[in-house]
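What follows is a set of notes on a single structure, which appears directly below.
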Amino acid sequence: MPDDLAEIYRTTYHALVRFLYRKVWDAERAADLAQEAFARALVHRPANPRGWLFVVAANLARDEGRRRLRERRHLTLLKAEPAATGEHGEPEEAIDLEARRARVRAALEELTPRDREVLLLWDAGLPYEEIAAQTGLAPGAVGTTLARARRRLVEAYEVGSEETHVARG
């Protein structure tokens, strides 16, 4: 099992981090959560390690979100955060980049949980069979669900772009 897990680590780690990043929106935290998922795999030795890792990672990210929400509620006095600008480039570029990221996050939040999960699993590189197993969808429904999720994501992103332009103009 450890040898198998080492191979799965080599082939899955980056996809798992990418999947987690789109859930927690923090690259370092996504890497930490991926490491935690692999550490748990060493202990539990699952029969289907790749699929198991994505389920555990999704659960870890969900727990992380709940924990952050609780912290945010308790830290209401710390509302003002300094604006972060990128180390490279102009402040306007950093603001535009952050605005685009915020629109992507908002667009992802507009999706149903199932559509968001299918889209993120696909983006992480999972094949349709594994996406079906993870989400409970029929294997034949994954492609349709994925196409619908992509369309809805683009529509939500464009609505966010239009609202941004209206606010500016």
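Being more than 15 Å from Q134 (Cβ to Cβ) and surrounded by 20 or more Cβ atoms within 10 Å (Cβ to Cβ) is the requirement here; does A30 meet it?
Spelling it out, A30 is indeed more than 15 Å from Q134 (Cβ to Cβ) and surrounded by 20 or more Cβ atoms within 10 Å (Cβ to Cβ).
If only one of A47, A39 is out of contact with any Phe, Trp or Tyr (no Cβ under 9 Å at 6 or more places or on another chain) and part of a loop (DSSP other than H, G, I, E, B), which one is it?
Values: A39 fails: part of a loop (DSSP other than H, G, I, E, B).
Of the residues listed, the single one that is out of contact with any Phe, Trp or Tyr (no Cβ under 9 Å at 6 or more places or on another chain) and part of a loop (DSSP other than H, G, I, E, B) is A47.
Those residues that are more than 16 Å from T12 (Cα to Cα) and either in a helix (DSSP H, G or I) or of a type outside the set (A, V, I, L, M) (or both), I need them from segment 130-142; list them, please.
At the first step, the residues of segment 130-142 found to be more than 16 Å from T12 (Cα to Cα) are 132-133, 135-142.
Answer for segment 130-142, where residues must be more than 16 Å from T12 (Cα to Cα) and either in a helix (DSSP H, G or I) or of a type outside the set (A, V, I, L, M) (or both): A132, A133, T135, G136, P139, G140, A141, V142.
List the residue pairs whose Cβ atoms are under 8 Å apart, where the first residue sits in segment 87-106 and is in the same structural domain as E117 (by TED's automatic domain parsing), the second is modelled with pLDDT of 80 or more and surrounded by 13 or more Cβ atoms within 10 Å (Cβ to Cβ), and the two are 6 or more positions apart or on different chains.
That search, which allows pairs on different chains as well, returns R101/W25; R103/Y157; V104/Y157; R105/W25; A106/A156.
Listed here are the residues, each with its yes/no results for (1) polar (S, T, N, Q); (2) loosely packed, with under 14 Cβ neighbours inside 10 Å; (3) part of a helix (DSSP H, G or I); (4) in contact with a helix residue (DSSP H, G or I) (Cβ under 9 Å, 6 or more places away or on another chain).
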site	(1), (2), (3), (4)
E93	no, yes, yes, no
R116	no, no, yes, yes
L126	no, no, no, yes
T144	yes, yes, yes, no
R152	no, no, yes, yes
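Closer than 17 Å to E130 by Cα, small (G, A, S), outside the structural domain of D123 (by TED's automatic domain parsing) and surrounded by fewer than 18 Cβ atoms within 10 Å (Cβ to Cβ) - does that describe any residue in segment 15-22?
no
Being touching a residue at least 40 places away in the same chain (Cβ under 8 Å), over 14 Å from Y9 (Cβ atoms) and small (G, A, S) is the filter here; which residues of segment 35-69 pass it?
The answer is G51, A58, A61, G65.
Select from segment 115-128 the residues that are of a type outside the set (D, E) and either closer than 14 Å to R22 by Cα or within 13 Å of the chain's Cα centre (by Cα) (or both) and list them in ascending order. Full working, then the answer.
Residues of segment 115-128 of a type outside the set (D, E): 116, 118-122, 124-128.
Correct list: R116, V118, L119, L120, L121, W122, A124, G125.
When you check V166 against the structure, is it modelled with pLDDT of 85 or more and hydrophobic (A, V, I, L, M, F, W, C), yes or no?
Against the criterion (modelled with pLDDT of 85 or more and hydrophobic (A, V, I, L, M, F, W, C)), V166 does not qualify.
Keeping to segment 20-34, report how many residues are in contact (Cβ under 8 Å) with a residue 60 or more places away in the chain and part of a helix (DSSP H, G or I).
Total meeting the criteria: 2.
The values are calculated or read from the model by the stated rules, or taken from the named source; none is laboratory data. Everything numeric here is computed off the predicted structure, so don't read it as measured data. Virtual Cβ from ideal backbone geometry, glycine too; neighbours counted across all protein chains shown.
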